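Worksheet: one structure, shown below.
The values are calculated or read from the model by the stated rules, or taken from the named source; none is laboratory data. Everything numeric here is computed off the predicted structure, so don't read it as measured data. Note that we place each Cβ from the backbone using ideal geometry, even for glycine, and neighbour counts take in every protein chain shown. These area figures cover heavy atoms from the full protein model, side chains too; ligands, DNA and RNA do not enter into them. Shrake-Rupley method; radii C 1.70, N 1.55, O 1.52, S 1.80 Å.
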Amino acid sequence: MNKQRFPRSPTTGHGLQQRICHDNHRQTPHALAVRIGIAIIFSVAVFPAQAVDFVKEIQPLLKNKCSRCHSGHEAKGGFSINSRNTLLEAAKPNDSAKSLLYQLITSNNPDERMPSEGEPLSPEQILLIKKWIDEGIAWPKGYSFAEWRKAPLAPRVVKLPAAKNGLKNPVDRFLQPYFDKKGVKQKELVDDRTFLRRAYLDLIGLPPTPEQYRSFAGDKDTAKYEKVVDALLANDEHYMQHWITFWSDVFRNSYTRQYHGGNKYRLTNWLKTSLKANKPYDQFAHELISPNTGEQASFIDGIKWRGTVNSSQVVEMQAAQNVAQVFLGLNLKCASCHDSFINDWTLDQSYAFASVFANAPMEKHRCDKPTGNKVAANFLYPELGKVDPKASRKVRLKQLADLMTKKENGRFSRVIVNRMWASFFSRGLVEPVDEMDNQPWSSDLLDWLARDFAANGHDLKHAMRLMTTSQAYRLPAVEPVPNQKAEDFTFKGPLTKRLRAEQLLDGLAQLGEAAAPPAKRPAFQRHGLRNLDRLMRILGRPKRDQVATSRDNRPTTLQALELSNGDIMHKVVQNVGAKWASSKRKPDQLIEDLFQNAFLRKPTQDEKRAAAGLLGEKPSAATVADLVWALVLQPEFQLLY
């Protein structure tokens, strides 16, 4: 993690000082200075010289006045009091005058003075902070203001609730008492059109055709939802072509740039084979952590950056960060530079884990400065077992892979079922998905799904089927609340989400091929297997120079501009328009067929009139392309409800 240096100037309004200063309380600068001066004189005259007591005097003061904005996961303005190391970003031992912390609590500028909320510090409290700083900032070893939750490691046996109201799927059986407790009223399930579009796009990344929709809607079998999910998951080719996008993001598998540090191999062919075979996830992970081929090794090889590299970005540390993030839902990036202030992982633990991937014990660097201390290899959770620091690298990687996938490591399964849940419902049982020590909104459901996943051979398709055949998956979509905190979230159904770049462009390509009769429609190359271009990049596909376990679902102005006026989009739409124009359909039929293929429905009378006016009496490739563009820009095409 790169170091961030904050300015210490008492007069500037920039950097850390600017970010953490927004005081709503007002005292006149002169009155405050007089009161502080009186307090200093009084303390010198009355009290004998003695060291400030951190536990009795400083800890309660910082806890009451600062911790709300600057401890735990909160680090407003980049400043945290979690540990002494983090506090030193704004305090200089033995020199309060040059300490930003003291400058802010004594500032004459009411817009800078801290704390920003609640009652300001009294002169006596300010004096106490000053003395503490001037005495060297005493801090008990190991103390932290952060109160971090540690999720259990072991699998947990959870009793499946009794089936009620005809609910058979285990997901629904867990959610029924959850809904009752939260006061969530039951809603009607979505119609067949909405469900089918969800299932197709979520499971294979393509929208259903009108023919597929008519077949599904006409099926009177109550088990048709399970049947269509089974059929989609059984389509190994389409399944691979869709899910390779997800896993390439996760494993930094770029098709166009070499991010694997001299390893000439990419992960693509291995991913294709593994996904088509539905390789058990524990085997999937084991092969990547303890690779036997160059392809498999491309994940832990990391990026060998050119030039001078920060010590937190050497290949071995990247491997530690990435393996921890992907398979344990754990963020080690902060602890790769210094003891973390976003969780309780230490620099020693990060280097011990990184040494597993190294040829020899690594020298610890603190904030990019060498310490001269070597750190022996060890696993992050030694209670599960140890890695032999004296063994060869190959043996250590095998030991690590065994520990990661052993049945006692319940976290391994929890992480992946949480990622799958987030993929289908747009928000994980734990959020963010890479911080698995956070509290789930349903621990019972998470633990049951994880244990069931492991008991069924770590079968990803089994977990997917369980989730997508639940009635929860068929609930009406809920609009996401921006920046909603986990404690304020109540599950009520899948969240509305935008199609991924590859889904949107595959849907547009399929719309173009639909101009021809079904028997004459050629297969097209899916965008998940294409090189990154500007349009996909703008629509959210990452460069894959970093692990990306999720994509930002929020629309941007740049996306709107590119979709409505971009040259790549223009060429694609013109191509689709030319195909439909050449089909020689009459205007009315052309309009109806385009709506059916784009939305799985007939156009309304207003839509017919608007489309007819756009096409004119003799549709041309240009006018048809304009209609296609208008349809593709509709939320009904771009969103998954």
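For the range 438-463, a residue qualifies if it is open to solvent by 30 Å² or more (accessible area, probe 1.4 Å) and more than 13 Å from residue 157 (Cβ to Cβ), and the qualifying residues are 438, 439, 441, 456, 457, 459, 462. If you check residue 198 against the conditions, is it assigned to a helix (DSSP H, G or I), open to solvent by 60 Å² or more (accessible area, probe 1.4 Å) and of a type in the set (D, E, K, R)? Considered against the rule, which asks whether it is assigned to a helix (DSSP H, G or I), open to solvent by 60 Å² or more (accessible area, probe 1.4 Å) and of a type in the set (D, E, K, R), residue 198 comes out as no.
Restricting attention to the range 481-514, the residues that are in a loop (DSSP other than H, G, I, E, B) and at pLDDT 95 or above total 10.
Restricted to the range 612-627, and to residues that are more than 40 Å from the chain's Cα centre (by Cα) and assigned to a helix (DSSP H, G or I), which residue is surrounded by the fewest Cβ atoms within 10 Å (Cβ to Cβ)?
So the first thing to find is which residues in the range 612-627 are more than 40 Å from the chain's Cα centre (by Cα), and the list is 612-623.
Then keep just the ones that are assigned to a helix (DSSP H, G or I); that gives 612-615, 621-623.
On the way: 612: 17, 613: 8, 614: 16, 615: 20, 621: 16, 622: 11, 623: 17.
The extreme case among them is 613.
For the range 256-295, a residue qualifies if it is closer than 16 Å to residue 393 by Cα, part of a helix (DSSP H, G or I) and modelled with pLDDT under 90, and exactly one does: 294. Residues in the range 144-169 that are touching a residue at least 40 places away in the same chain (Cβ under 8 Å) and in contact with a helix residue (DSSP H, G or I) (Cβ under 8 Å, 6 or more places away or on another chain): 12 in all.
Please verify whether the range 177-186 includes one or more residues that are outside any loop (DSSP other than H, G, I, E, B) and open to solvent by less than 60 Å² (accessible area, probe 1.4 Å).
Yes, some residue in the range 177-186 is outside any loop (DSSP other than H, G, I, E, B) and open to solvent by less than 60 Å² (accessible area, probe 1.4 Å).
Cβ separations smaller than 9 Å between residues 6+ apart or across chains give the following pairs from the range 417-441 residues that are farther than 18 Å from residue 480 by Cα to residues that are of a type in the set (Lys, Arg) and at pLDDT 95 or above: 436/411; 436/414.
Test of understanding: among 71, 80, 96, which residue is polar (S, T, N, Q), over 21 Å from residue 131 (Cα atoms) and modelled with pLDDT of 50 or more? Full working, then the answer.
Numbers: 80 fails: over 21 Å from residue 131 (Cα atoms); 96 fails: over 21 Å from residue 131 (Cα atoms).
From the options 71, 80, 96, the qualifying one is 71.
So residue 545 clears everything in (1) among the acidic types (Asp, Glu); (2) assigned to a helix (DSSP H, G or I); (3) touching a residue at least 40 places away in the same chain (Cβ under 8 Å) except one condition, right? Which one? Answer for residue 545: the failing condition is (2). Inspection of the range 408-415 finds a residue satisfying the criterion of being closer than 23 Å to residue 443 by Cβ and open to solvent by 30 Å² or more (accessible area, probe 1.4 Å).
Of everything in the range 563-586 that's part of a helix (DSSP H, G or I) and modelled with pLDDT under 95, which residue is most open to solvent (accessible area, probe 1.4 Å)?
By that ranking, first place goes to 565.
Restricting the range 525-562 to residues that are of a type in the set (A, V, I, L, M, F, W, C) and open to solvent by 70 Å² or more (accessible area, probe 1.4 Å) leaves a set whose member that is nearest to residue 509 (Cα to Cα) is 561.
Condition check ((1) open to solvent by less than 30 Å² (accessible area, probe 1.4 Å); (2) in contact with a Gly (Cβ under 8 Å, 6 or more places away or on another chain)) across all residues:
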| site | (1), (2) |
| --- | --- |
| 193 | no, no |
| 205 | yes, yes |
| 217 | no, no |
| 222 | no, no |
| 233 | yes, no |
| 237 | no, no |
| 245 | yes, yes |
| 249 | yes, no |
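Residues that are of a type in the set (A, V, I, L, M), in contact with a Gly (Cβ under 8 Å, 6 or more places away or on another chain) and surrounded by 22 or more Cβ atoms within 10 Å (Cβ to Cβ) within the range 416-432 comprise just one, 430.
Within the range 386-423, how many residues turn out to be in a loop (DSSP other than H, G, I, E, B) and out of contact with any Lys or Arg (no Cβ under 7 Å at 6 or more places or on another chain)? Residues in the range 386-423 being in a loop (DSSP other than H, G, I, E, B) and out of contact with any Lys or Arg (no Cβ under 7 Å at 6 or more places or on another chain): 9 in total. Restricting attention to the range 167-176, which residues are closer than 16 Å to residue 463 by Cα and either of a type in the set (Gly, Ala, Ser) or surrounded by 14 or more Cβ atoms within 10 Å (Cβ to Cβ) (or both)? Result: 169, 170, 171, 172, 173, 174. Looking across the range 357-375, the residues that are open to solvent by 70 Å² or more (accessible area, probe 1.4 Å) and farther than 18 Å from residue 88 by Cβ come down to 359, 370, 373, 374.
In the set 318, 313, only one residue is surrounded by 22 or more Cβ atoms within 10 Å (Cβ to Cβ), over 23 Å from residue 152 (Cβ atoms) and free of Cβ contacts under 8 Å to residues at least 24 places away in the same chain; that residue is 318.
Evaluation of residue 519 against the conditions (1) touching a Pro at 6+ places or on another chain (Cβ under 7 Å); (2) part of a helix (DSSP H, G or I) shows that the sole unmet condition is (1).
If you go through the range 469-492 and pick out every residue that is within 18 Å of residue 431 (Cβ to Cβ) and surrounded by fewer than 19 Cβ atoms within 10 Å (Cβ to Cβ), you end up with 14.
The single residue among 309, 375, 314, 326 that is in contact with a Lys or Arg (Cβ under 7 Å, 6 or more places away or on another chain) and more than 29 Å from residue 76 (Cβ to Cβ) turns out to be 375. The residue pairs whose first member lies in the range 609-628 and is of a type in the set (Ser, Thr, Tyr), whose second member is open to solvent by 50 Å² or more (accessible area, probe 1.4 Å), and whose beta carbons are closer than 8 Å, counting only pairs six or more residues apart or on different chains, are 623/614. Where helices (runs of 4 or more DSSP H) fall wholly inside the range 69-166, the ranges with 2 or more residues that are buried (at least 16 other Cβ atoms within 10 Å of the Cβ) and among the polar types (S, T, N, Q) are 84-87.
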